[in-house]
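Derivation of every value follows stated rules applied to the coordinates shown; laboratory data play no part. As the structure is a computational prediction, the values presented were derived from the model and not from experiment. We place every Cβ from the backbone using ideal geometry, glycine too, and count neighbours over all the protein chains shown.
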């Protein structure tokens, strides 16, 4: 009887072995298909070899089962030992390791000293776009900051942070630049004061529609997603992330330049839109800047419509998008539970990695806030460093740990050298976004990998190395979709 029971256990383990190896081969096949679909040649080769090896192992196992090997004493030892090793490996990879406590606190977890609100006049885009040589504002700013004038004048002479748009693809950049500027017109046209800070529609008058915070949250999030948002989160605003003074000026409203920005709204509805993997894959060429501007245009549309919706409910609302920011959005997005800020300085989400653009609406409409998340991104960025290794201007630090800057722990991007490369290429580069392992398409195998590395710090090390093997340490630009393709 004991012998019969033992052989029953062996038969069960043999069957589970078949299922396990078949599941492994299926994952290998799905990764191979995913690599082909992503047009990743190197990954396709390695995934094909991996799948062939997994399939061969399954076939060998089935042959041994057919010959009754696992019914013999040596076979039982091999089977039991193999099952124990697989179970231990599965537990090792799936178990959840200790969380990042400071990530779960959101931005307060990274504040280690005095934080000063950032003056938007110091922001590189505001300096290059808003300040015209000889103007009163120009003279005032560079009298206070003479160390920036020479550098900014040189960059302004090249056309600003983007320099001559599409320079990297000349003389074939024309259609892509035309599309880029078409998208860019949308945020500009949606940046007028009455649009970014709307009043209630005349048909509604000053009537306030009273909603519970729960219902208001459901309606606001639902409306945002209905008009195109991919991710939506809500944060209680920390005033530290509101710009101190206005620096970006559009529509000639110069009376606002240098004016202190109030911190009178309590909540921020932060929205993220996914950027196309095919378009970003061409970085630093013009399809990537087309995709950036398309998503900035979407963000302008979503944020202004959402602000109008909230205003029609009878509450104050201010849209934040490419041509009108009152707040620094990545820290608000962190507090809204959308993700974590990575080494490259972008918000990184579990759903799309760094392939997103942010917009937001600040408001006094009472809402239910979301909780910050720990997806293991800080720990992964300590290991990976691929964005820093691939940065053509070496603007991303390779420091192992984030360091204090303006009272917060972060990996600090050198925005001057970063935008200097933008001026040379005539695009917004996007190389760091493209090469980030978190930016891969969310096909089944990548979803599985993201789920594992979000849970387990040891798996992060394994897949960081595997990403280098399968995709290379310095991936080359991919060919864009035919409609956006440039001639070499």
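Find how much the distance from residue 316 to residue 485 grows on full extension, using 0.36 nm per residue of separation minus their present alpha carbon separation; answer in nm with one decimal. Kindly include the intermediate steps, with their values, before the conclusion.
On the way: separation 169, 0.36 × 169 = 60.84 nm, distance 4.36 nm.
Taking 0.36 nm per residue and subtracting the Cα distance, the gain is 56.5 nm.
When only Cα pairs under 8 Å and 6 or more residues apart are kept, what is the percent relative contact order across the chain? Before the final figure, lay out each step's value.
Details: 860 pairs, mean separation 101.2, N = 488.
Once normalised by length, the contact order is 21 percent.
Using the count of nearby Cβ atoms within 10 Å as a rough guide to exposure, how do 265, 251, 201 rank from fewest to most? Could the numbers behind the result be given before it?
Values: 265 20, 251 14, 201 10.
So the ranking, lowest neighbour count to highest, is 201, 251, 265.
Using Cβ counts within 10 Å as a stand-in for footprinting exposure, how do 346, 110 rank, fewest first? Provide the component values of the computation, followed by the final result.
On the way: 346 25, 110 21.
Exposure proxy ranking, most exposed first: 110, 346.
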Query raised in the report: Classify the chain: rounded, prolate or oblate, from the alpha-carbon gyration tensor (a ≥ b ≥ c, eigenvalue square roots; a/c under 1.5 rounded; otherwise prolate if a/b is larger than b/c)?
Result: prolate
Report summary line: If the label point sits 7 Å along Cα→Cβ of residue 172, residues of the range 446-484 with amide N under 20 Å come out as 476-484
Query raised in the report: With a ≥ b ≥ c the root eigenvalues of the C-alpha gyration tensor of the range 56-99, is it rounded (a/c under 1.5), prolate (a/b larger than b/c) or oblate?
Result: oblate
Report task. Label the range 358-487 by shape, choosing from rounded, prolate and oblate, from the square roots a ≥ b ≥ c of the eigenvalues of the Cα gyration tensor; if a/c is under 1.5 it is rounded, and otherwise prolate applies when a/b is larger than b/c, oblate when it is not. Result -> rounded
Report summary line: Under 12 Å by backbone N from the virtual spin label 7 Å along Cα-to-Cβ at residue 245, the residues of the range 99-122 are 118-122
Requested in this report: Using R₀ = 30 Å, calculate the FRET efficiency as 1/(1 + (r/R₀)^6) where r is the Cβ-Cβ separation of residue 462 and residue 405; round to 0.05.
Outcome: 0.45
Query raised in the report: Say each of residue 218 and residue 136 gets a label point 7 Å from the Cα, pointing the same way as Cα to Cβ; how far apart are those two points in nm?
Result: 5.2
Query raised in the report: Can you work out the FRET efficiency for the pair residue 80 and residue 447, with r the C-beta to C-beta distance and R0 = 41 Å, to the nearest 0.05?
Result: 0.80
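Based on the mean of other beta carbon atoms within 10 Å per residue, what is the order of 354-364, 202-212, most packed first? Could the numbers behind the result be given before it?
On the way: 354-364: 26.0, 202-212: 10.6.
Ranked from most to least packed, the peptides come out as 354-364, 202-212.
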Report task. Return the calculated 222 nm mean residue ellipticity for the chain, to the nearest 500 deg cm²/dmol, obtained by summing -39500 (n - 2.57) across DSSP H runs with n ≥ 4 and dividing by the residue count. Result -> -15500 deg cm²/dmol
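Quick one: length gained pulling residue 253 to residue 417 fully straight, 0.36 nm per residue minus the C-alpha distance? Before the final figure, lay out the partial values.
Numbers: separation 164, 0.36 × 164 = 59.04 nm, distance 3.02 nm.
Difference between extended and current length: 56.0 nm.
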**Report entry** Estimated distance in nm for a label pair at residue 11 and residue 236, the labels positioned 7 Å out from Cα along Cα-to-Cβ
**Finding:** 6.2
Query raised in the report: Hey, rough spin-label estimate for residue 203 and residue 87, points 7 angstrom out along Cα→Cβ, what's it come to in nanometres?
Result: 6.6
Report summary line: Listed with the fewest Cβ neighbours within 10 Å leading, 14, 412 appear as 412, 14
